[in-house]
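Working notes, beginning with the structure itself.
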Amino acid sequence: MNTLSEQFSKKIGRGTFALRYTPMAIIASLLTFGLSDSVVSPLEGLILIVMAPYALLLIIQRLNDLELSRWYALLTLIPLVNLVLGVTLLIRKKGTAPISLWSYAPIIDKSDEKINTTGERSGIKYCKQCGTKHTEDARFCASCGKPFV
């Protein structure tokens, strides 16, 4: 069985999210606005309390799939904004995120390297792990400590 932290790290696609989240959102809407008078009964309140963490888990898993920050799940606490977030998560396709927040590729500036007559770069080398610039005689990366092979 998966631990709770593994559940929050999973990703779910648009179809799975729609099948799980939409019925729950409809039930929550009916319980709070439509089935009874203005007072929510204890049973209805209990149902809403049980459904809320599961809905939050689904939203976080969908945000993971879209490679967006989990902090966007806090928007569910703001009335009407939570509806916009839910519809956006239903509509948006995977891979439409402008920048991946889960992977970071450092930008390496190699403009000051000199290329010798044999076509090899000389004088400067870069750490393969963090991208830090070093002189050719360096044995370890000054930033992350990884040895140069």
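Here is how the numbers come out for the structure above:
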| item | result |
| --- | --- |
| Candidate set: segment 52-82, residues that are aliphatic (A, V, I, L, M) and more than 15 Å from PHE17 (Cβ to Cβ); chosen: the one surrounded by the fewest Cβ atoms within 10 Å (Cβ to Cβ) | LEU80 |
| Some residue of segment 108-131 being at pLDDT 85 or above and surrounded by 14 or more Cβ atoms within 10 Å (Cβ to Cβ) | no |
| Among the candidates THR22, THR32, THR16, residue that is out of contact with any His (no Cβ under 7 Å at 6 or more places or on another chain) and closer than 14 Å to LEU83 by Cα | THR22 |
| Qualifying residue in segment 72-79 (condition: under 18 Å from the mean Cα position of the chain (by Cα) and outside any helix (DSSP H, G or I)) | no |
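The values are calculated or read from the model by the stated rules, or taken from the named source; none is laboratory data. From a predicted model like this one, the values you see are computed outputs, not experimental measurements. Reconstructed Cβ throughout: ideal geometry from the backbone, glycine too, with neighbour counts over all protein chains shown.
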